[in-house]
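Working notes for the structure below.
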Amino acid sequence: MLINGKPDIGCSTLTPRMSTLHDILWNMTIEHLANRARLLAANVKCTRKAEYIDAIKRGCEGDGLRALWHSLKEVERLAVAEACYASLHHHDAARFEAKYGQRALFYDLPDLAPGGYRSSQDEGKYATRLNLLLYPDPEHPGYCVPRDLAQRLTSFVPEPPAAAVSTLSEPQQEPGLFLRHTEQAALTEVKTLLRLADQGMLKFSTTTGMPSAAGTAKIIEHLTNGDWFPPEVACVPGLPKYDQQVGNIKPVGWTLLLHTARLIDMAGTKSRLASAGAKMLGMPPHEAIRTIWMKWLDNRTHDEFNRIGPIKGQTGKGAMTAKQPRRHAIIEALASCPANEWILTGEFSRYMQAAGHEFEVTHDPWKLYICERQYGSLGYSGFHEWNILQFRYILCFLFEYAATLGLIDIAYVHPEDGLHDFGNLWGADGLRWLSRYDGLRAFRITNLGAFCLGLSETFTPCKAGSSVKLSVLPNLAIQAVAGELGPDEVLMIETWAEPLGGNIWRLNPERALDAIERGRCVREFASFLQERDEQPLPETVEAFCKASESNGTAVRCTGEAVLFECRDAAAATMLCQQKELDHLIYRAGETVVAVPSAHVQRFRKCARSLGFGVV
C-alpha cells in the first residue's frame, strides 16, 4: 500500500470484513501503534499491543473524540469530514485535492539535510493527529475512517458542502482569443447541411465517417461563419508533411454527427438523405439538433479520442473504454452547471473530479504511446494523468461536437498558445500541441444547450425574419431584389429552380420532380417564397406547384416483380385465369407474365398444379 507515494508498512493485508477501528489497529505493528498512542498522551505507558490498542480506542471515544477533532487543522478536518460521508468512508486523495486545492498530509516529515536519506520506517515516526482518525484502507489503496469511528464522528461533524463550479461574466481577454456565439449558426447550419447532403454534395467516407477534401470544402462554403479557425490557420501552406496542422474541426464534427445519427449516407459518389434525415427537414431546427445530440451520445461507432492524433495505439485490442460512459459523465457535469455563464475549461475539469464525475479513457495506458511504443508508453507513472487523457477527451467533446451543435459558446486560442503540460512526456519534444483542442479556454452553455441538456423544458428560437426580398414573376423566374441570401436559402431555391446567374433562378419541372421523389414538400417551398415576396404568388407559380405535387406522385413504386416467359400465349392465359393467383399475376406481354417477388413461390406451386414446370 502506498502512502504519499511510498509503501506503508504499518498495516498488513486485511479481509474486507475487517473495517472496524479495533480490526484495523490489531493488524498494525507495535511501532506504528506506539507512534499514534503518543499523539494522544506524551507519557503513555504501554508495553503490549493490546494496551496500545485500548489507549487509542479510549482516545477516540466521547469527549476525547470531540477534542481530537477540534485539535486538527482545517484541512485535516475537511479530509475527515469528506471520508465520513463518502462511500465506504474512503478518503479519495485526488478528488479531495481537486475540491480544496490542497492535500491532507498524513506525515509531518522534517526536511533532510542535503544528501540525507529517509527510510520508509521514518514515515511512521512522524504521524500526525490525522492518523488517529484516518487509517490505511484494508480494501482499497489509500485511507479510510473505520466504520464504527465514522458513525461516532457523523454525530457532530457537519457534512461538507457539495463541490461547486466557479463562473465568469466574460472570458479573460488575451492576444489571439477567438470568441464564437454558436446557437444561431447551428440552427441554420443543421438544415443547410441536410439539404447539401440531399443534393449529393456532402461527400464523406462511410467507413470512417470523415468528410473528403471536396466534402470539407463544400461544408465550409455553407457554414455561417466558416470553420473555427480561418483556412490559412487551419491548414498552413508549405509546412513539412510531418509537421502539425490544426486541420478542420467543425466540418468533421458536423459530418460525424449526421452520419452516426444515420441521417445521411453515400450512394456511389454522391451523398443522400436517409429517411430519418428527410423527416428531420420538416422538424423545427432545435428539435432536430436535440435528436442528433441524443443519438451522438449513444453512438458506439466513433471515439472522439481518435482525433487526438499524437497519442497512438488506440486501435489495439482492449485499449480504449466504452464511449457512452465517458460522454454521460461529461453530460452529468454540464447539467449541474449554470447556463449563460462562462466557465473556464480547467475549472470545469477540476469540478468534474471534485464532484465525482470521473471516467476512464483507456483500460490499459501501457497500450497508448507517443512516437515510440516502448519508451513513449503512457503507462509510466505521471504519463497518463487526468490532464493528459481525460481532460483532452473533454476538450475534444466540447469543441468538436457540443460547440458545433450550438450547445455552448466558446472562447479559444490557437492550440500552440494553449496547454503546455505535456513537456515531460517522452517523445513529445517535437510536438507544438498534444491536441488541436488545447486552446479551448472557456465555454458558456447556451439556451439551446440548456434545452438539449434537460436544464430547460422548452426552447424559444429568436424570430429573426429574413432580410431578403424576392420577386416571384409569372414567367416562373425568381429574383433576389434586396438583402443577401444565406447558404440555406440558396440551397432551398436551387432544390426547385435552376440558377440563371445574377441572383435569378427559374422554376424547373425536372428539379421539382426530383425533389418530390426525394420526399421534399412543394408547399413548404411555396411558403418560403411567399414569406419573402410582398405580392401574392402569381397564378402560374401556383399552377406549377400544384402540377409538381400531382405529377411528382403520379407513379408509385409498390415493390419488385419477377418476369416469367411462358411457352405460348395459351399457357400465359391459363395461368392468369387461376383463382389462386387472382390479383397476384399480371400480363406483361403475349407470353410474359409478372409476379410480385413476395408471391413467386405461390406462383410456382400453382404452375406445377397445372403440370407446368418453372425453370
TODO: Would you check if there is a residue in segment 384-396 being over 18 Å from the mean Cα position of the chain (by Cα) and in the same structural domain as Trp228 (by TED's automatic domain parsing)?
DONE: yes
- [ ] Output the qualifying pairs, or none if there are none: Cβ atoms under 7 angstrom, residues six or more apart or on different chains, first residue in segment 287-311 and free of Cβ contacts under 8 Å to residues at least 24 places away in the same chain and in a loop (DSSP other than H, G, I, E, B), second residue crowded, with 18+ Cβ neighbours inside 10 Å and of a type outside the set (Lys, Arg).
- [x] Asp303/Met320
Open item on the list: Need pairs with beta-carbon distance below 7 Å; first residue at positive phi and within segment 77-94, second of a type outside the set (Phe, Trp, Tyr) and in a helix (DSSP H, G or I); sequence gap 6+ or separate chains.
Closed with: His89/Ala83; His89/Arg147; His89/Ala150
- [ ] Consider only pairs whose beta carbons are under 9 Å apart and that are at least six residues apart or on different chains; among these, list those whose first residue lies in segment 39-65 and is free of Cβ contacts under 8 Å to residues at least 40 places away in the same chain and whose second residue is surrounded by 15 or more Cβ atoms within 10 Å (Cβ to Cβ) and polar (S, T, N, Q).
- [x] Lys49/Thr29
TODO: With the condition kept exactly as written, say whether any residue in segment 237-255 is buried (at least 19 other Cβ atoms within 10 Å of the Cβ) and charged (D, E, K, R).
DONE: yes
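Within segment 519-534, count every residue that is among the charged types (D, E, K, R) and exposed (fewer than 15 other Cβ atoms within 10 Å of the Cβ). Lay out the reasoning, then the answer.
Filtering segment 519-534 for residues among the charged types (D, E, K, R) gives 520, 523-524, 531-534.
Okay, now just the ones that are also exposed (fewer than 15 other Cβ atoms within 10 Å of the Cβ), so 523-524, 531, 534.
Summing the residues that are among the charged types (D, E, K, R) and exposed (fewer than 15 other Cβ atoms within 10 Å of the Cβ) in segment 519-534 gives 4.
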- [ ] Would you kindly identify the strands (runs of 3 or more DSSP E) lying entirely within segment 402-475 that contain at least 1 residues that are among the hydrophobic types (A, V, I, L, M, F, W, C) and more than 19 Å from Glu170 (Cα to Cα)?
- [x] 469-472
Task: Residues (at pLDDT 70 or above and of a type in the set (Ser, Thr, Tyr)) located in segment 108-160 - done: Tyr126, Thr128, Tyr135, Tyr143, Thr154, Ser155
Open item on the list: Would you confirm whether or not segment 550-558 contains a residue that is out of contact with any strand residue (DSSP E or B) (no Cβ under 9 Å at 6 or more places or on another chain) and surrounded by 15 or more Cβ atoms within 10 Å (Cβ to Cβ)?
Closed with: yes
Open item on the list: If I filter segment 1-42 down to residues being modelled with pLDDT of 85 or more and in a loop (DSSP other than H, G, I, E, B), which single residue comes out as surrounded by the fewest Cβ atoms within 10 Å (Cβ to Cβ)?
Closed with: Thr20
TODO: With a cut-off of at least 2 residues that are among the hydrophobic types (A, V, I, L, M, F, W, C), at pLDDT 85 or above and closer than 30 Å to Glu489 by Cα, name the helices (runs of 4 or more DSSP H) lying wholly within segment 509-615.
DONE: 522-532, 539-552
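The values are calculated or read from the model by the stated rules, or taken from the named source; none is laboratory data. Source: prediction; values computed, not measured. Cβ sites come from the backbone with ideal geometry, for glycine too, and all protein chains shown count toward neighbours.
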